[in-house]
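The values are calculated or read from the model by the stated rules, or taken from the named source; none is laboratory data. Only a predicted model underlies this, so the values are computations on that prediction, with no experimental measurement involved. Neighbour counts run over all protein chains shown; Cβ positions are idealised from the backbone, glycine included. The accessibility values were calculated without ligands, DNA or RNA, using every heavy atom of the protein model including side chains. Shrake-Rupley method; radii C 1.70, N 1.55, O 1.52, S 1.80 Å.
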Amino acid sequence: MAQKPLRLLACGDVEGKFDVLFSRVRAIQKKSGNFDLLLCVGNFFGSTPDAEWEEYKTGIKKAPIQTYVLGANNQETVKYFQDADGCELAENITYLGRKGIFTGSSGLQIVYLSGTESLSEPAPGYSFSPKDVSSLRAMLCSTSRFKGIDILLTSPWPKCVGNFGNSSGEVDTKKCGSALVSSLATGLKPRYHFAALEKSYYERLPYRNHIVLQENAQHATRFIALANVGNPEKKKYLYAFSIVPMKLMDAAELAKQPPDATENPYRRFGKESTTEKQIPAPEEESACQFFFDLNEKQGRKRSSTGRDGKPPYPKHARKPPQPPGSCWFCLASPEVEKHLVVNIGTHCYLALAKGGLSDDHVLILPIGHYQSVVELSAEVVEEVEKYKSTLRCFFKSRGKQCVLFERNYKSHHLQLQVIPVPLSCCATDDIKDAFITQAQEQQIELLEIPEHSDIKQIAQAGAAYFYVELDTGEKLFHRIKKNFPLQFGREVMASEAILNIPDKSDWRQCQISKEEEEILAQRFRKDFEPFDFTLDD
């Protein structure tokens, strides 16, 4: 059965004319049926008085559709976007954030970049820098499996987008627009790219993302620039379209070329254009060597090695963070049940779970006191990843896959739950479906995020969240806003759909004696020893 397309609307500069926009959306939906999302690029807020916005902010009025907006493009409107990582501005109106990736439950992947171009570091709060663009490109393009994204949202036009294409009207694309955005579009290969700010409507002919006769055919990109809402010239500011997420499409169908497709505007004679060459990633920013944190104020990257090849942290690790009081999981704490500890690294350790779902249900824990993955330093993240990889190999050798999840809600010390599932039990897709199904039943919005992304790119320090990581690298994420069932992850794993041990969904019902725990821990240490990377010189 063919996947039902999503019906989306894209909008240009709203400039505070919320009533005009939403009245138009209501009229369109009354005539053509409901749409799934409204995506706004350009200036969402304007220089108009705040009275109209206050009605939406306080709930007197409500947007008729789930609306996602980009951030400020000038100092005047920065005040409306207090949370750089995105937040709900009003009911049905969400600020995506300064930059990042939004993946819906349908699999639709939207990359967004707020603000205007700035070549200075750090960039102002209403701008993006070369480092911001480099991080987005590297985050997505660093694997051979990357084929492109569904939608790219930027406020500025990409520079030179008119090359080889139809006329862009009064806008000179060789002079206006952002070379950084051109670089981003070249790397990300969006199927749709929306922009605004020029108060003009321009739907460019679709362009190819491959070199004819030299590369395999890839999907085409459609660039659409939208005018400002309610403009007196009645230029088009709202664009309706349907799209099936590319991950759900047949490769041959996806690569079909429109009859009017042109050459890529950012390339010349099969080589990347000078526009692209002007914006290389900084030398130290190799796509595979960095941990990207898009939630820091300036999008700073932390590298595994600093400038001149020197480590960014001392060779002898600093003393790990200490808890303000007693903690059951800080290794130095007398509260730790040390007989459950099965392996100790430099920055992390492994311990059997108390009341585990199975005899080899383990936890990855930092030795120092960190509340969540988001707060971990680069060297701790590196060792966490090493433990993940090692445990996957260990469980695979025993005919099992593993599911990892973290609940950063009403917990004081990071606990990464690693639960093995026999391959004979169920497939990875079944596990994923079980989480999504139970989340929907409990009205929990569980979104899929790119498997090569870092949780730090999605959540900010201090934010409550729940996330699942499957053996394939697929990840599901929920931003906790209010209450969240504390045993949700465990209940899903214990359900009939996965381990089929629903009576073990409460860990307190699974506790065994200390002697039995010691036997299990000793057995795990012995079995794990051939995989123990901490024994390496």
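What number of residues within the range 333-355 are aliphatic (A, V, I, L, M) and part of a helix (DSSP H, G or I)?
Result for the range 333-355: 1.
With the range 58-109 as the region, which strands (runs of 3 or more DSSP E) entirely inside it contain at least 1 residues that are hydrophobic (A, V, I, L, M, F, W, C), without any contact (Cβ under 8 Å) to a residue 40 or more places away in the chain and surrounded by fewer than 21 Cβ atoms within 10 Å (Cβ to Cβ)?
The qualifying strands (runs of 3 or more DSSP E) are 87-90.
If you take the residues of the range 123-147 that are at pLDDT below 85 and in a loop (DSSP other than H, G, I, E, B), which of them is farthest from the chain's Cα centre (by Cα)?
Ser144
Kindly provide the set of residues from the range 333-368 that are of a type outside the set (Ser, Thr, Tyr), more than 24 Å from Asp536 (Cα to Cα) and surrounded by fewer than 21 Cβ atoms within 10 Å (Cβ to Cβ), ordered by number.
Once the filter is applied, which keeps residues that are of a type outside the set (Ser, Thr, Tyr), more than 24 Å from Asp536 (Cα to Cα) and surrounded by fewer than 21 Cβ atoms within 10 Å (Cβ to Cβ), the range 333-368 yields Pro334, Glu335, Val336, Glu337, Ala353, Lys354, Gly355, Asp359.
Of everything in the range 201-218, what is open to solvent by 40 Å² or more (accessible area, probe 1.4 Å), part of a loop (DSSP other than H, G, I, E, B) and touching a strand residue (DSSP E or B) at 6+ places or on another chain (Cβ under 9 Å)? Give them in sequence order.
Once the filter is applied, which keeps residues that are open to solvent by 40 Å² or more (accessible area, probe 1.4 Å), part of a loop (DSSP other than H, G, I, E, B) and touching a strand residue (DSSP E or B) at 6+ places or on another chain (Cβ under 9 Å), the range 201-218 yields Tyr201, Leu205, Arg208.
Among the residues that make up the range 480-503, is at least one of them polar (S, T, N, Q) and closer than 17 Å to Leu416 by Cβ?
yes
Tell me, yes or no, whether the range 468-476 has at least one residue that is in contact with a helix residue (DSSP H, G or I) (Cβ under 9 Å, 6 or more places away or on another chain), of a type in the set (Gly, Ala, Ser) and either closer than 25 Å to Ile110 by Cα or not assigned by the TED database to the domain that holds Leu136 (or both).
No, the range 468-476 contains no residue that is in contact with a helix residue (DSSP H, G or I) (Cβ under 9 Å, 6 or more places away or on another chain), of a type in the set (Gly, Ala, Ser) and either closer than 25 Å to Ile110 by Cα or not assigned by the TED database to the domain that holds Leu136 (or both).
Taking only the range 513-537 into account, find how many residues are open to solvent by 100 Å² or more (accessible area, probe 1.4 Å), in contact (Cβ under 8 Å) with a residue 12 or more places away in the chain and among the aliphatic types (A, V, I, L, M).
Result for the range 513-537: 0.
What's the total number of residues in the range 182-200 that are over 15 Å from Ile110 (Cα atoms) and either touching a residue at least 40 places away in the same chain (Cβ under 8 Å) or open to solvent by 40 Å² or more (accessible area, probe 1.4 Å) (or both)?
The number of residues fulfilling the criteria is 7.
Which of the residues spanning the range 224-252 are exposed (fewer than 14 other Cβ atoms within 10 Å of the Cβ), closer than 21 Å to Arg204 by Cα and without any contact (Cβ under 8 Å) to a residue 60 or more places away in the chain?
Glu233, Lys234
Could you tell me whether the range 253-272 includes any residue that is assigned to a strand (DSSP E or B), modelled with pLDDT under 80 and of a type outside the set (D, E, K, R)?
Within the range 253-272, not a single residue is assigned to a strand (DSSP E or B), modelled with pLDDT under 80 and of a type outside the set (D, E, K, R).
Which condition number does Val421 fail, the rest of (1) in contact (Cβ under 8 Å) with a residue 60 or more places away in the chain; (2) open to solvent by 60 Å² or more (accessible area, probe 1.4 Å); (3) of a type in the set (A, V, I, L, M) being met?
The number of the failed condition is (2).
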